[in-house]
Ligand SMILES: [Zn+2]
């Protein structure tokens, strides 16, 4: 099993360990410092536009990065004071194909205790942390030849009902974007809460199952990859759409049929969120660096992956073995994954190469199998 894992790591280009080592805590802190120094980044405030222009400028400094300021209309509602046009930022690292892997955080902030347009809303952890992780991941993955196109988004309107992510998800659907995966990072920069709970070794990834998408298979793959590639860090999977009564920017993408998951720290401090106390002093940048590494690992892998296989069939072979067949694409190398039927996570994987079938010395009754293109989201056996 270790040998096959080494093969996965070895065959992914460039070497993920070299990329992970480049994640820089000081740069993450600098981004959060600047973002949280805007009086507010509330979607209703002109300061949001200023913050978007600043982050767009940071993305523009990255060689090969194309930056778009996307505008979308919003109408007066509970947390939107008037009809207006709002901006958000999309940064793109073009790949050889138009298959897209997307990562984002929301740039808008909220303080429910003050005036929406003028009151102080630092929003350091929620969610300058996710925007900083996205900018840092873009910096690290820039300048490399990659099969797929990577997009990094600073969403706005999140706190007013996922307005920016909804606008982008609908646009992606309408324009036929081939979005393979969306990784939303929202509140990922603190490892402890006021109840004395601490966990700086894991980040939660929320995912749901549903029609038209394989978000849970995306989550399961991220868990497998990060647990093996990122030192002293792992993914805590949560098989739910999001936290109780809460939402995030992954959900509008799921609704449009795309694979999308949400990263969030393990022990949130709910009393600081949406208050003037969401400040940089409560953050843990060594932890945010680990979460960023998990994203770098995921985007590096998914960003190079070819499409997954079609028509996976699993059958009993020779009594005690399992025979898997699938429709292979020429030149695509495949990986087989397996787990006990009761295990939520993949327990083993083996690179089988550019073939369309394999036989495993495992009982077909007792396992769930999947086949993935090398570095891509595995396609799981049904039933
Ligand atoms: Zn948030």
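Compared with the dominant principal axis of the Cα atoms in the chain, helix 129-141 is inclined by about 50°. Compared with the dominant principal axis of the Cα atoms in the chain, helix 163-174 is inclined by about 40°. For the range 295-383, what value does the Rg/Rh ratio take when both radii are computed over Cα atoms and Rh is the Kirkwood radius, given to two decimals? Taking Rh as the inverse mean 1/r over Cα pairs, Rg/Rh reads 0.97. Pairs of C-alpha atoms in the range 50-114 farther apart than 18 Å represent 51 percent of all such pairs.
Just check the range 1-155 against the gyration tensor rule for me: Cα atoms, a ≥ b ≥ c as the square roots of the eigenvalues, rounded for a/c under 1.5, and otherwise prolate or oblate depending on whether a/b exceeds b/c. Cα axes put the range 1-155 in the prolate bin.
Rg and Dmax of the chain, both derived from C-alpha coordinates alone, stand at 20.7, 72 Å. For residue 315 and residue 173, the FRET efficiency from 1/(1 + (r/R0)^6), where r spans their Cβ atoms and R0 equals 35 Å, is about 0.45. A straight chain from residue 347 to residue 329 at 0.36 nm per residue would run longer than the Cα-Cα distance by 3.9 nm. Divide the volume of the convex hull around the Cα atoms of the range 229-383 by the residue count and you get 150 Å³ per residue. Compared with the dominant Cα axis of the chain, that is its longest principal axis, helix 215-229 is turned about 80°.
Counting neighbouring Cβ atoms within 10 Å and putting the fewest first, the residues 24, 232, 366, 99 line up as 232, 366, 24, 99.
Put in line by how crowded their Cβ is, counting other Cβ atoms within 10 Å and starting with the fewest, 53, 208 read 53, 208. Mean residue ellipticity, 222 nm, helices only, the chain: the sum of -39500 (n - 2.57) across DSSP H runs of n ≥ 4, divided by residue count and rounded to 500, is -8500 deg cm²/dmol. Orientation-averaged projection of the range 139-288 equals 10.1 nm² [convex hull of Cα atoms, one quarter of hull surface area]. Here 221, 72 are placed in order of increasing Cβ neighbour count within 10 Å, fewest first, which gives 72, 221. In a solvent-free Debye calculation with one equal scatterer on each Cα, what is log10 I(q)/I(0) for the range 234-298 at q = 0.13, 0.18, 0.22, 0.27 Å⁻¹, listed in the order of the q values? Log10 of I(q)/I(0), two decimals: -0.47, -0.89, -1.18, -1.30.
Any read-out appearing in this document is the output of simple, stated calculations on the displayed coordinates, not a laboratory observation. Keep in mind the model is a prediction, meaning the values are calculated, not measured. Here Cβ is always computed from backbone atoms with ideal geometry, including for glycine, and neighbour counts include all displayed protein chains.
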